[in-house]
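A.B. asks: Take this structure, written in structure tokens, and hold onto it; I'll ask about it next.
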Amino acid sequence: KMSESGKWSEEKFSEERTKLGAEVTQNLLKLGPTFIKVGQLFSTRIDIVPKEYIEQLKNLQDNVPAFSGDLSVEIIERELGKPIDEIFDTFNRESLAAASLGQVHVATKGDKTFAVKIQRQYLRELFDVDLGQLRQLAVFADALDLTSEGGLMDRNTQRDWVSIYEENKRLLYEEIDYQNELKNAKLFRDNFDTPQFKHIKVPDVYEDMTTDKVITMEFCPGIKITDRESIIAAGGDPADMARKSAQAFLEQLCRHGFFHCDPHPGNIACEIGPNGESKIIFYDFGMMDSFGQTERKGLVDFFFALYYDADVKDACDALEQLGMLRPDVDRVAIEKVGKDFIDRFQETLNIDGEWEDSLSPEERKRLNRQKRSELGEEFLSLNEDSPFLFPPTWTFVFRAFFSLDGIGKSLDPKYDLTKITLPYLKELLDLKDGNAFKTSLLRLGKRVGLRPIDINQFVTQPRNTAKVEDIAQRLEQGDFKLRVRALEVERMMDRSKIVQKNIFHSVLSCACLNTGILLLSVGKGPVASKYALRAIFGTAFFIGAKVPLGMRELKKLDEYNAKYLSKK
């Protein structure tokens, strides 16, 4: 299966990828529940993971090896304190689905059909081991200060990896508490109990048949959310399902502040009615999280600033409110770079163009060079200040966005979460300033200059003018000292420090080397002994070894500055 050039053919390449994907999947299964969760996340990323890997990783969603039905019965009887025959009329010992943390069996009692989820044995003990290892990795990441410009760990962003680990740990331990899942399911169902979201279905839960390790729910079968062919065959519209799933998550974030952290395809299904009406069924409410009114308002404000107002100052204010932007940084460079981003975002949104991640690698490189030439000084300032933060609360928000984006792209090739957000924002007017009428008035006032802040500026203008005049006079008299930040001088100082350090190491190394040679030639006594000479020559070698490292550091700094300051 080789092409004429001697390279693998497409068929051979695909076959080898499938084998590798299967091997990775099996290794994740062997590593246990924590690592299976990682595989579940990547199984939805059809835009960044090759399809051969996706097909294998999908097995982690609901095809994890099951434990025996007899063990399930034993756990149920131990947890509920009754024989299985007294609890249910029938109990299917063959599992319906198995996941990383437990498995589901179908049971009946009277005219009701239940889905009974049983937790795997010794799960807490496995978590203690796996999470202990992951904590060491988080500590290691913090110690190394892993950063890479333009990537996941961009130097513009400060992250506390141990805090992110603690957030993950908290939610994972909550997920294996089925009493907590019961409360989450009830709250989630109540939140969507509105006519607007009648297409969202949440199974009923039965408190009298639920413990920490067993939860009994209404049996709600459906079509897997990513099974596009089956949805079409049942008369459903995959594009409509993609849009509804995205809007449901935006509703959770912006209005409820209580959201599903693990919306992978194994936890979402759809139900197609006789008239083609579709419903989305959510399962597994163990991993849920929430944030308060301040964060919700900040998120809505950011969306409005980005989509409707195209106002970079409001966007930065919202990011600061969300805890993603440090309040003590110089926002001039941030707002200039942000304005460029918002302008390009609005242009793409309005002309229905291509987003940058859809462009060819060559086109992306061309755009990056253009942005660096236009905003080089600002990029350097951002990299120096590290203005952005990564709050642990948002770890699972981003993870859920990744999962939903992958689901949407598998349902609709033209899926674009960014454009789905735009019409949905019209329904959030009441969240921006308390009610929709107030928001509409403020937006109108902003356009015509009749907002309360505009009226206040008009009234206080004479006083402000007098204050400016007073400051100008005091500047002339020398009462104030003007401080100016010169980025060019800062870069020269950084370079000079490296050069001076290299010169110092060179001189010190040469001095030690000369001393050793002198003592070797004419020295006498203990100072010229074999051990003393070894120490002197060793010191000379150790210090001298720092010189090429310093030269490499200097070269990297020059290349980094040239990349942003080039005007070509």
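A.B. asks: Of all the residues that make up the range 490-507, how many are free of Cβ contacts under 8 Å to residues at least 12 places away in the same chain and either open to solvent by less than 80 Å² (accessible area, probe 1.4 Å) or charged (D, E, K, R) (or both)?
C.D. replies: 2
A.B. asks: Does T226 meet the test of being within 29 Å of Y122 (Cβ to Cβ) and β-branched (V, I, T)?
C.D. replies: no
A.B. asks: For K438, indicate whether it is at pLDDT below 65, open to solvent by less than 50 Å² (accessible area, probe 1.4 Å), basic (K, R) and under 18 Å from G298 (Cα atoms).
C.D. replies: Details: at pLDDT below 65: yes; open to solvent by less than 50 Å² (accessible area, probe 1.4 Å): no; basic (K, R): yes; under 18 Å from G298 (Cα atoms): yes.
No; evaluated as a whole, the condition is false for this residue.
A.B. asks: Could you please tell me which pairs satisfy a Cβ distance under 8 Å, a separation of 6+ or placement on different chains, a first residue in the range 530-551 that is part of a helix (DSSP H, G or I), and a second residue that is of a type in the set (S, T, Y) and at pLDDT below 90?
C.D. replies: I536/T515
A.B. asks: Any chance you could count how many residues in the range 139-158 are under 17 Å from the mean Cα position of the chain (by Cα) and either open to solvent by less than 60 Å² (accessible area, probe 1.4 Å) or at pLDDT 80 or above (or both)?
C.D. replies: Result for the range 139-158: 7.
A.B. asks: Restricting to the range 205-230, and then to whatever is outside any strand (DSSP E or B), over 17 Å from N267 (Cβ atoms) and not polar (S, T, N, Q), can you tell me which residue is nearest to the chain's Cα centre (by Cα)?
C.D. replies: R228
A.B. asks: Can you work out which of the residues in the range 513-536 that are open to solvent by 80 Å² or more (accessible area, probe 1.4 Å) and among the β-branched types (V, I, T) is modelled with the lowest pLDDT?
C.D. replies: V527
A.B. asks: Is it fair to say G276 is more than 25 Å from R228 (Cα to Cα), touching a residue at least 24 places away in the same chain (Cβ under 8 Å), in a loop (DSSP other than H, G, I, E, B) and open to solvent by 10 Å² or more (accessible area, probe 1.4 Å)?
C.D. replies: So G276 does not fit the description; no.
A.B. asks: Any residue at all in the range 316-323 that's open to solvent by 30 Å² or more (accessible area, probe 1.4 Å), in contact with a Gly (Cβ under 6 Å, 6 or more places away or on another chain), within 17 Å of V397 (Cα to Cα) and modelled with pLDDT of 75 or more?
C.D. replies: Among the residues of the range 316-323, at least one is open to solvent by 30 Å² or more (accessible area, probe 1.4 Å), in contact with a Gly (Cβ under 6 Å, 6 or more places away or on another chain), within 17 Å of V397 (Cα to Cα) and modelled with pLDDT of 75 or more, which makes the answer yes.
A.B. asks: Quick check on this structure: which one of D177, D212 is in contact (Cβ under 8 Å) with a residue 12 or more places away in the chain, touching a helix residue (DSSP H, G or I) at 6+ places or on another chain (Cβ under 9 Å) and open to solvent by 50 Å² or more (accessible area, probe 1.4 Å)?
C.D. replies: Testing whether each residue is in contact (Cβ under 8 Å) with a residue 12 or more places away in the chain, touching a helix residue (DSSP H, G or I) at 6+ places or on another chain (Cβ under 9 Å) and open to solvent by 50 Å² or more (accessible area, probe 1.4 Å) leaves just D212.
A.B. asks: Looking at I75, is it out of contact with any Ser or Thr (no Cβ under 8 Å at 6 or more places or on another chain), among the aliphatic types (A, V, I, L, M) and at pLDDT 90 or above?
C.D. replies: So I75 passes the test.
A.B. asks: Going by the structure shown, is L404 in a helix (DSSP H, G or I) and at pLDDT 75 or above?
C.D. replies: Criteria met by L404.
A.B. asks: Those residues that are in contact with a strand residue (DSSP E or B) (Cβ under 7 Å, 6 or more places away or on another chain) and touching a residue at least 60 places away in the same chain (Cβ under 8 Å), I need them from the range 68-96; list them, please.
C.D. replies: Within the range 68-96, I75, I76, E79, L80 qualify.
A.B. asks: Assuming D558 fulfils every condition listed in (1) without any contact (Cβ under 8 Å) to a residue 24 or more places away in the chain; (2) part of a helix (DSSP H, G or I); (3) not hydroxyl-bearing (S, T, Y) apart from one, which condition is it?
C.D. replies: Condition not satisfied by D558: (1).
A.B. asks: If you go through the range 17-50, how many residues are over 24 Å from Y415 (Cβ atoms), open to solvent by 20 Å² or more (accessible area, probe 1.4 Å) and modelled with pLDDT under 85?
C.D. replies: So the answer is 5.
A.B. asks: Out of curiosity, is I84 within 23 Å of M287 (Cα to Cα) and either of a type in the set (D, E, K, R) or open to solvent by less than 40 Å² (accessible area, probe 1.4 Å) (or both)?
C.D. replies: Judged against the criteria, I84 is not a match.
A.B. asks: Considering the range 94-144 alone, what residues qualify as being β-branched (V, I, T) and touching an Asp or Glu at 6+ places or on another chain (Cβ under 6 Å)?
C.D. replies: The one that is β-branched (V, I, T) and touching an Asp or Glu at 6+ places or on another chain (Cβ under 6 Å): T108.
A.B. asks: Between a residue in the range 242-261 that is in a loop (DSSP other than H, G, I, E, B) and any residue that is among the charged types (D, E, K, R), which pairs come within a Cβ distance under 9 Å, given they are 6 or more apart or on different chains?
C.D. replies: Cβ pairs passing all conditions: G257/E295; G257/R296; C261/E175; C261/D289; C261/R399.
Matching residues to (1) β-branched (V, I, T); (2) part of a helix (DSSP H, G or I); (3) farther than 12 Å from V547 by Cβ:
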| position | (1), (2), (3) |
| --- | --- |
| E488 | no, yes, yes |
| R491 | no, yes, yes |
| D494 | no, yes, yes |
| K497 | no, yes, yes |
| H505 | no, yes, no |
| C510 | no, yes, no |
| N514 | no, yes, yes |
| L519 | no, yes, yes |
| K524 | no, no, yes |
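A.B. asks: Right, here's the next one. Here are the criteria: (1) under 30 Å from L71 (Cβ atoms); (2) in contact (Cβ under 8 Å) with a residue 40 or more places away in the chain. Tell me which single one F197 does not satisfy.
C.D. replies: Among (1) under 30 Å from L71 (Cβ atoms); (2) in contact (Cβ under 8 Å) with a residue 40 or more places away in the chain, the lone unmet condition for F197 is (1).
A.B. asks: Of the conditions (1) open to solvent by 60 Å² or more (accessible area, probe 1.4 Å); (2) in contact (Cβ under 8 Å) with a residue 12 or more places away in the chain; (3) among the charged types (D, E, K, R); (4) not in a helix (DSSP H, G or I), D328 clears all except one; give me its number.
C.D. replies: Evaluating D328 over (1) open to solvent by 60 Å² or more (accessible area, probe 1.4 Å); (2) in contact (Cβ under 8 Å) with a residue 12 or more places away in the chain; (3) among the charged types (D, E, K, R); (4) not in a helix (DSSP H, G or I) leaves (2) as the failure.
The values are calculated or read from the model by the stated rules, or taken from the named source; none is laboratory data. Just so it is clear, the model here is predicted, and its values are computed rather than measured. A quick note on method: Cβ atoms are made from the backbone with ideal geometry, for glycine too, and the neighbour counts reach across all protein chains shown. The accessibility values were calculated without ligands, DNA or RNA, using every heavy atom of the protein model including side chains. Shrake-Rupley method; radii C 1.70, N 1.55, O 1.52, S 1.80 Å.
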